[in-house]
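None of the figures in this text is laboratory data; all of them are computed from the coordinates on show. From a predicted model like this one, the values you see are computed outputs, not experimental measurements. Cβ: placed from backbone, ideal geometry, glycine included. Neighbour counts: every protein chain shown.
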Amino acid sequence: MSNTVYIATSIDGYIARKDGSIEWLTEFPNPDGSDYGYAEFIRDIDAIIMGRHTFETVSGFDTWMYPVPVFVLSSTLKQLSGRWANKAEIISGNLQDILSALKTRGLERLYIDGGKTIQSFLAEDRIDRMVITTIPIVLGSGIPLFGKSAELHFRHDSTEIYAGGLVKNTYIRQSIQSS
C-alpha cells in the first residue's frame, strides 16, 4: 500500500486562506497550459481519500477532475451533498481499518488530500510520499499543510521548476535506523 500527498502550498506553508478559499492558486500565469504533472501523477493512483472540507471545496468546481474513486473521510457526515455528491463515498473509522477495507477492494495506491486528512495520516506515519508544489505567494495566514506530528524523515527525490516560479518537490518517507 502506498499513500501519497499531492498538494500546493504558499511559500509560508498554507494550503488555503483562513476561509478555505484557494483561488490564489489560479492567479499565476500558466502560458503553456501545463497541468504541472497532475495527469501523470493520477495515472498511478487507485483512489483518493479527501477530507470533508476539501470535498466541499471541489463540489464548487465546474469539472469533476478525478478519474478514480473518491472517498470522503468524515466522522460526522451521513451523506454527501452538492453537485458531485454522487461521485464520492463517505468513509469513517480508524485509518488502519479504512486502509484495510480499501485494500480488499484492490485500492492500494492512494492520493491523500486535504489539510486535516493529511495531518491525520502524518500523525499515524501513514504517508509514503509527498509531492508539494510551492506557489510564489506569502499568504500570511490560513490553513497550514502541517500540524502536530511525530518527527518523520523524508528523502528529497526530485525537483521540477515550472513557468511562473512554481517549484514542485517530491519527498519519499525514510525510516531512520538506530545506531
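Values computed for the structure shown
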read-out	value
Search result, residues across the stretch 144-163 that are without any contact (Cβ under 8 Å) to a residue 12 or more places away in the chain and not in a loop (DSSP other than H, G, I, E, B)	T159, I161
Any hit, the stretch 50-59, residues being of a type in the set (S, T, Y) and either assigned to a strand (DSSP E or B) or over 19 Å from I143 (Cβ atoms) (or both)	no
Flag if T170 is touching a residue at least 24 places away in the same chain (Cβ under 8 Å), under 27 Å from R126 (Cα atoms) and not in a loop (DSSP other than H, G, I, E, B)	yes
Members of the stretch 165-174 that are farther than 22 Å from T117 by Cα and surrounded by fewer than 15 Cβ atoms within 10 Å (Cβ to Cβ)	G165, V167
Every residue from the stretch 1-33 that is under 30 Å from K103 (Cα atoms) and not in a strand (DSSP E or B)	M1
